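Following this message is one structure expressed as structure tokens.
The values are calculated or read from the model by the stated rules, or taken from the named source; none is laboratory data. Keep in mind that what you see is a predicted model, and the values were worked out from it rather than measured. Positions of Cβ are generated from backbone atoms using ideal geometry, with glycine treated the same way; all protein chains shown enter the neighbour counts.
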Amino acid sequence: MIMPFSNEYSCAARSLVLKVLQEEGFAYDPVKDSDLENIRANYVEKGGAFFIALEGDELTGTSAVKKAGPDTCEIKRIYVRKEWRGKGIGRDLFNAALSYAAANYEKAVLKTDLSLHTATDMYIRHGFTIVKEEGCILYLEKIFY
């Protein structure tokens, strides 16, 4: 079940994101990951959204939309616990974020690591185009009409 963020899941959401990052070989970055210290303040209260996936009482994934400008948002924090991957949870989380973005913004941007082929393929299938490649990072965008 995909649902909007609730404060009761603050610690679990932060732990999930950091665990998935570590499993994928990415180190904790105190600057980039500081948004997880107060999810409601950094996303919801600033014109964005944060979604969680629940299977029973277990938090299985996250996605987020962060305001990046007056008409632009960034879709980010799409993470699914390793044992829950391949079940469509990431797709559902992405779709929740994309629907929110389309209803509230004119353009969505996102970035992903070049090594994350499944994610990149999903973004392109949903109408995102690659606008820049810098090192190991792909930058994509989608304009809503």
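Out of D71, D121, which single residue is more than 11 Å from the chain's Cα centre (by Cα), under 24 Å from N38 (Cα atoms) and acidic (D, E)?
Result of the check over D71, D121: D71.
So, in the range 1-32, exactly how many residues are more than 19 Å from L59 (Cα to Cα) and not β-branched (V, I, T)?
7
Of all residues in the range 27-62, count the ones that are part of a strand (DSSP E or B), under 16 Å from the mean Cα position of the chain (by Cα) and either more than 13 Å from R14 (Cα to Cα) or in contact (Cβ under 8 Å) with a residue 60 or more places away in the chain (or both).
Residues that pass the stated criteria total 3.
Give just the number: which of (1) over 23 Å from E23 (Cβ atoms); (2) among the hydrophobic types (A, V, I, L, M, F, W, C); (3) surrounded by fewer than 21 Cβ atoms within 10 Å (Cβ to Cβ); (4) within 14 Å of the chain's Cα centre (by Cα) does V131 not satisfy?
(4)
Name the residue that is modelled with the highest pLDDT, counting only residues in the range 63-94 that are aromatic (F, W, Y) and not in a strand (DSSP E or B).
In this case the residue turns out to be F94.
I'd like the residue in the range 122-145 that is of a type in the set (S, T, Y) and not in a strand (DSSP E or B) and, out of all such residues, is modelled with the highest pLDDT.
For the range 122-145, the residue satisfying everything is Y123.
Rundown of residues vs (1) under 20 Å from T120 (Cβ atoms); (2) in contact with a Phe, Trp or Tyr (Cβ under 9 Å, 6 or more places away or on another chain); (3) surrounded by 11 or more Cβ atoms within 10 Å (Cβ to Cβ), yes/no style:
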{"position": "M1", "(1), (2), (3)": "no, no, no"}
{"position": "A13", "(1), (2), (3)": "no, yes, yes"}
{"position": "E23", "(1), (2), (3)": "yes, no, yes"}
{"position": "D29", "(1), (2), (3)": "no, no, no"}
{"position": "N38", "(1), (2), (3)": "no, no, yes"}
{"position": "A41", "(1), (2), (3)": "no, no, no"}
{"position": "F50", "(1), (2), (3)": "no, yes, yes"}
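Still on this structure, please answer the following. Just checking, which of A103, A119 is in contact with a helix residue (DSSP H, G or I) (Cβ under 9 Å, 6 or more places away or on another chain), surrounded by fewer than 18 Cβ atoms within 10 Å (Cβ to Cβ), hydrophobic (A, V, I, L, M, F, W, C) and assigned to a helix (DSSP H, G or I)?
After applying the criteria, what remains is A119.
Are any of the residues in the range 92-100 over 21 Å from R125 (Cβ atoms) and of a type in the set (D, E, K, R)?
For the range 92-100, residues over 21 Å from R125 (Cβ atoms) and of a type in the set (D, E, K, R): absent.
Got a sec? Which of A97, A102 is under 12 Å from the mean Cα position of the chain (by Cα) and at pLDDT 95 or above?
Selected residue: A97, the only one of A97, A102 that is under 12 Å from the mean Cα position of the chain (by Cα) and at pLDDT 95 or above.
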